[in-house]
Amino acid sequence: MSFIASRSALRAQLRPSFARTFASTPTAYAQSLKERLSELIPKEIENVKAVRAAHGNKSFGEVTVDQAYGGMRGIKGLIWEGSVLDADEGIRFRGLTIPEVQQKLPTAPGGSEPLPEALFWLLVTGEVPTEEQVKGLSQEWAARAELPKFVEELIDRCPNTLHPMTQFSIAVNALNHDSAFAKAYSNGVHKREYWKTTFDDSMDLIAKLPNIAGRIFRNVFGDGKLPSIDANKDYSANLATLLGFGDNADFVDLMRLYITIHSDHEGGNVSAHTGHLVGSALSDPFLAFAASLNGLAGPLHGLANQEVLRWVQKMRAAVGEEPSDEKVAEYVWSTLKSGQVVPGYGHAVLRKTDPRYTAQREFALKHLPNDPGFKLVGQIYKIVPNILLEAGKAKNPWPNVDAHSGVLLTYYGLHQQDFYTVLFGVSRAFGVVSQLIWDRALGMPLERPKSYSTEAIKKMFEGK
């Protein structure tokens with residue numbers, strides 16, 4: 001039995017799978033996410049108090065001047081509950097690796113990848129949800145999905161030359177108009193209750209993202225006509241339908257995998273940290289996540305996946321179909337010698353192949369093993385790390401998540417590369433807002449680190 005086959009069999013044994021469609025009537029009451037969270041919060045408040053009492057005066061470690069100039073790499077200064085990134089092991093979502101998430105979280109009927117609804121429940125509670133809890137969450141999001149009319153008109157008035165990520169940010173910002181948190185705060189709600197309306201806003205935000213993304217996609221790349229959300233379908237199936245790919249079951253399953261693995265990557269990356277920072281000012285989840293999207297739009301963050309694909313396509317045009325390893329290596333060296341980086345390789349934290357890359361590779365081996373684009377990506381994977389090590393260009397010469405996602409989307413016909421970061425944005429909302437909910441529940445303060453000027457640093461160490 002192959003590794004992929006044996007792993008698929010293991011998943012089937014370990015994880016729940018929906019035996020009924022989302023349209024079926026639950027046979028028993030399924031506790032809602034908000035109800036479960038209300039039970040967990042008092043316990044976690046006491047847990048945090050105990051941790052601070054026992055360890056509050058202990059040091060995480062020294063901070064060097066180089067770290068201050070170097071993007072604060074390696075500085076330990078954030079609390080992020082949903083995920084922790086290990087340099088060798090990769091990401092863990094509430095303690096679960098990506099393979100464990102794939103094995104344990106519920107799937108949709110006929111699907112093989114975890115449902116993002118289940119991943120969100122895990123991020124918020126630290127618990128693997130039941131099938132009924134996931135189904136209830138999916139139906140709640142469908143019920144909350146409708147956009148205010150003025151937000152639809154705002155998107156429709158954007159010129160199709162305006163980048164999709166800019167339109168995405170505009171629309172999410174505009175949802176602030178109906179923020180439950182902003183209204184409650186204005187009415188003087190007690191700070192112990194902040195988490196409740198933050199939760200409501202977060203649920204509304206996630207629920208409305210497919211309609212926003214779909215409307216932008218159809219306006220910019222299609223005829224502007226948008227189908228309705230189907231309450232009997234899961235989140236990813238609705239997103240795929242809004243984009244025009246709902247009839248392709250494999251693409252729908254890819255969306256489930258894509259959202260899951262792009263959802264969270266601990267708190268220090270640009271989009272996560274930005275959302276946390278803006279949220280710490282008690283900006284509502286819509287404003288906080290819109291700020292996250294503006295960070296995600298940068299070429300050193302979420303825009304990287306389309307840069308990878310463009311580089312691979314240029315290579316393919318230059319070296320032809322089924323190139324030799326020597327030709328691929330020559331192209332890689334020419335990229336480095338021209339002063340450019342090899343996109344999709346290296347990571348600020350990881351020191352081994354990104355498990356998110358591996359998950360996508362396994363999906364491709366199962367669904368598109370003979371695709372020329374996938375074959376070239378695999379060939380690059382075999383060649384690039386040794387070249388980067390030889391050139392001394394990276395502490396981590398291994399591929400990250402961006403090295404693979406573009407070729408999968410292209411295979412299924414989603415060629416509109418300017419839209420790829422929007423899909424990343426839909427995914428990243430899960431991690432950002434799950435932490436915002438806990439920030440408000442735990443009473444996390446305004447973030448305000450200390451900064452120094454270069455002259456101040458010189459004086460600080462003068463004569464030492």
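The values are calculated or read from the model by the stated rules, or taken from the named source; none is laboratory data. It should be emphasised that the depicted structure is a prediction, and the values quoted were computed from it without experimental measurement. Methodologically, a virtual Cβ is constructed for each residue, glycine included, from the backbone with ideal geometry; neighbour enumeration extends over all protein chains shown. Just the protein is used for accessible areas: all its heavy atoms, side chains included, with ligands, DNA and RNA removed. Shrake-Rupley method; radii C 1.70, N 1.55, O 1.52, S 1.80 Å.
Which of these values of Cα extents along the principal axes in Å was calculated from the structure shown: (i) 92, 59, 50; (ii) 83, 65, 43; (iii) 71, 66, 50? Correct label is (iii). Accessible area per residue for the stretch 347-464 in Å², computed with a 1.4 Å probe and the full protein assembly in place, what is it? Normalised by residue count, the accessible surface of the stretch 347-464 is 43 Å². Element breakdown for the stretch 303-412 at a 1.4 angstrom probe: carbon and sulfur atoms account for 50% of the accessible area.
Report the FRET efficiency, 1/(1 + (r/R0)^6), for Lys366 and Glu127, where r is their Cβ-Cβ distance and R0 is 22 Å, rounded to 0.05.
0.15
If the chain linking Asp223 and Lys450 were pulled fully straight, counting 0.36 nm for each residue of separation and taking away their Cα-Cα distance, it would gain 76.7 nm. Summing charges over neighbours of Arg218, with a neighbour being any other residue whose Cβ is under 13 Å away from its Cβ, gives -1 when K and R count +1 and D and E count -1.
Each residue of the stretch 430-443 was assigned a 3J(HN,Hα) from its phi angle through the Karplus expression (A = 6.51, B = -1.76, C = 1.60, θ = phi - 60°), giving 4, x, 5, 6, 4, 6, 4, 4, 6, 4, 6, 5, 8, x Hz with x at Gly and Pro.
Does anything in the stretch 208-238 have its amide N under 17 Å from the 7 Å Cα→Cβ label point of Asp156, and if so which residues? Residues 211-229 fall inside that zone. Helix content alone sets the calculated 222 nm mean residue ellipticity of the chain: runs of n ≥ 4 DSSP H residues at -39500 (n - 2.57) each, divided across all residues, give -18500 deg cm²/dmol. Spatially, the stretch 196-255 and the stretch 407-464 are offset by 24 Å when compared through their Cα centroids.
The 3J(HN,Hα) values that the Karplus relation (6.51, -1.76, 1.60; θ = phi - 60°) gives for the stretch 147-157 are, in residue order, 8, x, 4, 5, 6, 4, 5, 4, 5, 5, 7 Hz. Gly and Pro appear as x.
For the cross-link pairs Lys196/Lys225; Lys104/Lys327; Lys104/Lys314; Lys76/Lys459; Lys49/Lys459; Lys104/Lys450, the ones whose C-alpha atoms lie over 31 Å apart are Lys196/Lys225; Lys104/Lys327; Lys104/Lys314; Lys49/Lys459; Lys104/Lys450. Taking a Cβ cut-off of under 10 Å around Pro148, the surrounding Lys, Arg, Asp and Glu residues balance to a net charge of -2, with basic ones at +1 and acidic ones at -1.
With the highest mean first, a sort of the peptides 131-138, 368-375 on other beta-carbon atoms found within 10 angstrom per residue produces 131-138, 368-375. Taking label positions 7 Å along the Cα-Cβ direction at both Lys314 and Ala87, the computed distance is 3.2 nm, reported to one decimal.
Take peptides 88-96, 442-450 and line them up by average Cβ neighbours within 10 Å, highest first, as a rough protection proxy.
So the order, starting with the most tightly packed, is 88-96, 442-450.
With all protein chains in place and a 1.4 Å probe, the accessible surface of the stretch 32-149 carries 52 percent carbon and sulfur.
Going by average Cβ density within 10 Å per residue, which order do the peptides 217-230, 406-419, 285-298 take, highest to lowest?
Averaged packing, sorted descending, gives the order 285-298, 406-419, 217-230.
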